[in-house]
Amino acid sequence: MSESPPILALRGVSKAFGAVRALQDVSLDLHGGEIHALAGENGAGKSTLVKILAGVHRPDEGQVLLDGRPRDFRGPGDAQQAGVAVIYQEPTLFPDLSVAENIFMGRQPRARFGRIDRGALRSATAGLFERLGVSLDPDRPARGLSIADQQIVEIAKAISRDARVLIMDEPTAALSGNEVGRLFSVARTLRDHGCALLFISHRLEEIFELCHRVTTLRDGRLIATEPLDDLTPDDLVQRMVGRELDTLYPKQDTTPGDALLTVARLTREGVFTDVSFEVRAGEIVALAGLVGAGRSEVARAVFGIDRYDAGAVEVRGTRLPVGSPTAAMAAGIALVPEDRRQQGLVMDGTIERNIGLTTLRTLRRGPVISRKAERDRAADWAIRLQLKYSRLSDAVGVLSGGNQQKVVLAKWLSTEPSVLIVDEPTRGIDVGTKAEVHRLLSELAADGLAVLMISSDLPEVLGMADRVLVMHEGRLAAEIPRAEATEETVMAAATGRTRREAA
Amino acid sequence: MAPDASVKTASAAAPVTATPRVGRLVRWDVIVTALLIVVFIGGALGTPDFATGDNLSFALDDLCEIALIALPMTLLVVVGEVDLSVASALGMSSALLGALWDAGWAIETIVPLLIVVGAVTGLVNGLLVTRLGLPSLAVTIGTLTLYRGLAYVVLGTKAVAEFPQNYADLATGTVPGTPIPYPFALFIVLAIITAVVLHATGAGRAMFAIGAQEEAAFFAGIRVKRIKLLLFVVSGVVSAFAGVIYTLRYGSARADNGLGLELAVIAAVLLGGVDFDGGRGTLGGVVAGVLLIGLLRNLLMLRDVATEIQSIVTGLLLIVSVLTPRIVAGVREARRHPRGSMSASSQ
Amino acid sequence: MTAITSGGGRRLVDTVLRARELSILAALVVLVVVTTAVNSSFLSDQGVKDIFLNASILALLAVGQTMVVITRNIDLSVGSVVGLVAFASGKFVLGHDRNVLLVLILGMAIGAVCGLVNGVLVSFFRVPALVVTLGTLYVIQGADYYWAHGQQINAADVPGSLLELGSGSVLGIPYLPLITVVVMLAVGHYLRSYPSGREFYAIGSNPDAARLAGLAIRRRILTAYTTSGILAGLAGVLWLARFGTVVADAAHGWELRVVAAVVVGGVAIVGGLGSVYGAALGALLLTTIGSVLVVLKVNSFWQDAIAGLLLLLAISVDRLLGLRVTRALRRRNVRHGA
Ligand SMILES: Nc1ncnc2c1ncn2[C@@H]1O[C@H](COP(=O)(O)OP(=O)(O)O)[C@@H](O)[C@H]1O
Ligand SMILES: [Mg+2]
């Protein structure tokens, strides 16, 4: 099967973003008629590899080979011309244009005089959706589509290209079981037609079900490329993680105290409905579910970023006003947000200013900020969290992903919260730092903090949480105690295969 | 939550990389300041009438409205907004001053009233921007037209003159013993206050954070809307007061006073190195930018260069001031990354 | 469930979008009807002709500006280009009997150069559009004034054939609005029905996605600015043809009027949304208000104030409608939970 030369290949590719070495000396072969899996933890460099194949990034070192010959993709257009279609991890739609136009932008079917043939455009789109077994209106604008539907539009866009190479970066993260099944049958058809496919997923069973071979990345380095037949899921995890699981998830046993955070019947129309739970002192509660299930949205509403339509949020029995992060902070909540680069940090700002941003009031000496106090506080936290940096006056943008995340944690822990909400706390950071973050969360809980952890990383959820809340399509689908939480029970609830018994 | 003793042993402060700091030396505000000094020395040597007290105080007086309004404009641009309605607010204030003075009101009553009106003009801008989430560019183009229109409604094409001499003297006189006109002295005081607010207080830290990454600032509990609203109000107040100065300086209240001034103010702010995308800039740079434009105009005038050329020079300076940093950054990027990545080309 | 959604979202959004143009049209009609009821001379042949003549140049500029704004940029230099071209073509025809076509070509060529400079600075150097075009506004205006030096072009020196362009008509329709309508339809058709036309919207709607889709962003932005420049050049010649007497500051300050017309016409200042038809209607509405105030003997000083209010109203209503639509679309997604 793999005798033919690879359609698309990487040779010794390296890529760095500032101090972050996203890829180091990675090689990869994609053969026609084969579905190749790319495995690795969050931040291992998978998406960066995809973007190099797609011509979005150009490698610092190494080569991209097309049909065995070096090719220099000068932009995404070049890669598309060469027959490479990509489903990016983050949807890239034009909100103001219709779904059909989104799919065919730049290569619309033409009628006379080069005009767009709208009829053909619509029917081609409808045909694609039929193939994928979804019912979406080709003429509705992309604005307001759910994450799952956005992902479906991306998939339709990629398969409509009739490409020789199809790259899929976590296409299933937001999809239900049915939709995943459809995607897989389309992928198999393409494979049988001689396409080369690259598939990325965090769900190991999907990799084993669909793919022939797997390449594993860890911290930007190539660990192995091997046939999946010879592997067990545990082998694969071992390659991805590179250390014993119990050192990665050093959960300490604690006895929970009083309820610090109480969320009652929280509803934001069209986003989440009737969400109730509490988090007690000393407890780590995980909020699991598919991408787009509404987990981050609940966290945002609790912290006051978004408003909610009904329900209540209480900290130590005191009700919080709707839509005020300032009030939430005053009540003792801290939120380490999902998107570090947009929400967590001011990337151009210095390390010390980023850490100080949440506690400006306490840094004041008279009316002005004391630079010494600002720097001292940053230095204290840098030591406590073992931050690696050269100067506190450096922009946080030059730090590695893991160290950036430590700055975010420092920024929030310095407010001395009693409730800590962490949204994807280890996304995009290296394994070493990941273990440190886990140890820190565990220690904080042992010190009496109430921790609410949102994570898409199932081993992390299972390894760290005292209780697992699972969301499905905007509702709490299940509450699973640590003892009963397994990959199966959590995924069943997350994909809607079980319903919460007692409401 | 005391720092854990066991991890203190880590040598956290060990330098990981030693990036050369040359970037710091070629900051744009430093270049503008250097340019300012060059222009001043060149002017003093080449043009006899330039470095005289009379001429300098004339040049400064001529500049003071732009200089004053540039202060709140700097803060607005730092938080990523812009106020194009400032000159219209100035004109409206001038027209009101004329109309009320004509109607027999006392200056002492009019001026506080104008300040309130100025605050309202800013409040309208600020509420539309923060409550409705509209782009300030569109909003203030609207209020630019509205406020100028109201100025005409108030005063028509009339000109009101003959304001009391003691007030006119305040607007044109100099601080005894110096060539500094009183309005410019006011500018100096306000500039110092603004500089402290922007560069040394929590509010200033918050403003930079808002401009650089508004979402992150909001997530950090900063009251983004409140700060923006306040800045628009300050901008309105300062513009209204500048209208009073303008009127007294020229001794004439007209609805078209200060027409087009908003562009000169923005030119000065950007020339001073404030990033139009927000989050970056220094007040020192802006002061240098304001002075550079003022002195350059004065020099060109003294040398009998047509006023039109002054406009060309301003325009070119403006383009160069935004173009140079991008080119420098581009060259630096290209040198570090011979086969530079496309990812640097974010919009 | 899904059967209901299919088409529902589209209809909703389509209605709102079309409502945007329809509501301007409705405002126009109401304005005209009320004014005519008060003063029947408003709808006289001459009155209507004047409005269309006055609106033509503004609408022409609004068409060019729309292309730029749709890509999430702005062109503030148009007013100064009109001034420069009006004066330059005046100088060119002074005392000669130049061919009208030649004058038009010259004017558009000057405009094209100005637009190209803006386009190169914005697309290749990625400098903020507002700043660049503000700078070129100053430079072009300065060059124009310097050259004119207080001089004036007099109608008496302008060849009759050119003046005929400004005041003449074919089949009872004056040339000026005719030209504007033809240009508007051509650009509108291009933007709506050609693949490259749609890319302008895509770029303004999500620049990052446009890059990932491999669209020719620079070329489109360059095209938008060049078109805006060419149309400003055309408008400059028409200005001369219409008024005959021209000083250097023709169309001084018009940049903001043009932006106002475009925004009132429903083109989103953040890009991605709107049509040239809406923009042209916006120009017509702003012009009509001016005439109405004269006819109703309202102090004409109110004109600017009303235009400003209208602009604020337009963007506020747009925004509120947009929020409603987004919320409605979001609620529709709840079907996934059913
Ligand atoms: N554009 C970028 N700028 C800076 N750092 C980046 C960028 N893209 C990715 N990274 C960093 O590169 C590393 C690898 O990220 P990524 O390829 O997204 O990992 P994965 O897809 O495997 O989760 C992470 O540390 C991430 O923070
Ligand atoms: Mg990824």
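What the table shows:
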item	result
Evaluation of A:Ala19 against (1) over 22 Å from A:Gln80 (Cα atoms); (2) in contact (Cβ under 8 Å) with a residue 60 or more places away in the chain; (3) out of contact with any Leu (no Cβ under 8 Å at 6 or more places or on another chain); (4) more than 16 Å from ligand 2 (Cβ to nearest atom) (one fails), failing number	(3)
Any chance A:Glu41 is under 23 Å from the mean Cα position of the chain (by Cα), farther than 28 Å from C:Asn206 by Cβ, more than 8 Å from every other protein chain (Cβ to nearest Cβ) and within 16 Å of ligand 2 (Cβ to nearest atom)	yes
Residue check, A:Phe94 away from ligand 2 (no atom under 16 Å from the Cβ), closer than 23 Å to A:Gln151 by Cα and within 14 Å of chain C (Cβ to nearest Cβ)	yes
Odd one out for A:Arg191, checked against (1) touching a strand residue (DSSP E or B) at 6+ places or on another chain (Cβ under 6 Å); (2) under 22 Å from A:Gly55 (Cβ atoms); (3) of a type in the set (Lys, Arg); (4) part of a helix (DSSP H, G or I)	(2)
Residue in the range A:288-303 that is aliphatic (A, V, I, L, M) and surrounded by fewer than 20 Cβ atoms within 10 Å (Cβ to Cβ) present	yes
Positions within the range A:214-230 being open to solvent by less than 50 Å² (accessible area, probe 1.4 Å) and in contact (Cβ under 8 Å) with a residue 40 or more places away in the chain, in sequence order	A:Val214, A:Thr215, A:Thr216, A:Leu217, A:Gly220, A:Leu228
Restricting the range C:245-257 to residues that are hydrophobic (A, V, I, L, M, F, W, C) and more than 10 Å from chain B (Cβ to nearest Cβ), the residue that is farthest from C:Leu281 (Cα to Cα)	C:Val247
Residue that is nearest to B:Thr324 (Cα to Cα) [pool: residues in the range C:89-122 that are small (Gly, Ala, Ser) and open to solvent by 10 Å² or more (accessible area, probe 1.4 Å)]	C:Ala112
Among residues of the range A:156-175, those that are open to solvent by less than 30 Å² (accessible area, probe 1.4 Å) and either in contact with a Cys (Cβ under 9 Å, 6 or more places away or on another chain) or more than 22 Å from A:Gln80 (Cα to Cα) (or both), counted	7
Sole residue being in contact with a Leu (Cβ under 8 Å, 6 or more places away or on another chain), of a type outside the set (A, V, I, L, M) and in contact (Cβ under 8 Å) with a residue 60 or more places away in the chain, chosen from A:Gly402, A:Gly448, A:Gly463, A:Gly428	A:Gly463
The range C:311-322, residues that are open to solvent by 30 Å² or more (accessible area, probe 1.4 Å) and either modelled with pLDDT of 80 or more or away from chain B (no Cβ under 12 Å) (or both)	C:Leu313, C:Val317, C:Arg319, C:Leu320
Test: residue in the range B:208-220 that is touching a residue at least 12 places away in the same chain (Cβ under 8 Å), part of a helix (DSSP H, G or I), open to solvent by 50 Å² or more (accessible area, probe 1.4 Å) and within 13 Å of another protein chain (Cβ to nearest Cβ)	yes
Residue in the range A:103-121 that is more than 8 Å from chain C (Cβ to nearest Cβ), within 16 Å of ligand 1 (Cβ to nearest atom) and not aliphatic (A, V, I, L, M) present	no
Checklist (1) in contact with a Cys (Cβ under 7 Å, 6 or more places away or on another chain); (2) under 26 Å from A:Leu145 (Cβ atoms) applied to A:Ala37, failing item	(2)
Residue within the range C:223-234 that is within 11 Å of chain A (Cβ to nearest Cβ) and within 16 Å of the chain's Cα centre (by Cα) present	no
Evaluation of A:Arg58 against (1) in contact with a helix residue (DSSP H, G or I) (Cβ under 7 Å, 6 or more places away or on another chain); (2) under 30 Å from A:Thr125 (Cβ atoms); (3) surrounded by fewer than 24 Cβ atoms within 10 Å (Cβ to Cβ) (one fails), failing number	(2)
Residue within the range C:38-55 that is at pLDDT 90 or above, within 27 Å of C:Trp239 (Cβ to Cβ) and open to solvent by less than 80 Å² (accessible area, probe 1.4 Å) present	yes
From B:Asp29, B:Asp61, B:Asp54, B:Asp49, residue being touching a residue at least 60 places away in the same chain (Cβ under 8 Å), of a type outside the set (S, T, N, Q) and part of a loop (DSSP other than H, G, I, E, B)	B:Asp49
Selection status of A:Arg427, open to solvent by 10 Å² or more (accessible area, probe 1.4 Å), closer than 24 Å to A:Glu283 by Cβ and within 16 Å of ligand 1 (Cβ to nearest atom)	yes
Subset tally (residues that are away from chain B (no Cβ under 14 Å) and either within 16 Å of ligand 2 (Cβ to nearest atom) or more than 20 Å from A:Ala288 (Cα to Cα) (or both)) for the range A:426-446	7
Residue satisfying condition, being of a type in the set (Gly, Ala, Ser), open to solvent by less than 10 Å² (accessible area, probe 1.4 Å), more than 17 Å from the chain's Cα centre (by Cα) and at pLDDT below 95, within set A:Ala435, A:Ala395, A:Ala450, A:Ala446	A:Ala435
Selection count, the range A:334-370, where residues are more than 10 Å from chain B (Cβ to nearest Cβ) and in contact with a Phe, Trp or Tyr (Cβ under 8 Å, 6 or more places away or on another chain)	2
Tally, over the range B:90-126, of residues that are under 18 Å from B:Ser252 (Cβ atoms) and open to solvent by less than 50 Å² (accessible area, probe 1.4 Å)	15
Test result for A:Leu10, in a strand (DSSP E or B) and within 16 Å of ligand 2 (Cβ to nearest atom)	no
Meets criteria (more than 16 Å from ligand 1 (Cβ to nearest atom), open to solvent by 10 Å² or more (accessible area, probe 1.4 Å) and either in contact with an Asp or Glu (Cβ under 7 Å, 6 or more places away or on another chain) or touching a residue at least 60 places away in the same chain (Cβ under 8 Å) (or both)) for A:Leu413	no
Only one of B:Gly133, B:Gly177 that is without any contact (Cβ under 8 Å) to a residue 60 or more places away in the chain, farther than 30 Å from C:Val258 by Cα, open to solvent by 10 Å² or more (accessible area, probe 1.4 Å) and not β-branched (Val, Ile, Thr)	B:Gly177
Matching entry among A:Leu198, A:Leu166 (being within 16 Å of ligand 1 (Cβ to nearest atom) and more than 14 Å from chain C (Cβ to nearest Cβ))	A:Leu198
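The values are calculated or read from the model by the stated rules, or taken from the named source; none is laboratory data. Predicted model, so just to flag it, every value in this text is computed and none were measured. Positions of Cβ are backbone-derived with ideal geometry, glycine not excepted, and every protein chain shown enters the neighbour counts. When the accessible area is computed, the model is the full protein with side chains, heavy atoms only, and any ligands, DNA or RNA have been set aside. Shrake-Rupley method; radii C 1.70, N 1.55, O 1.52, S 1.80 Å.
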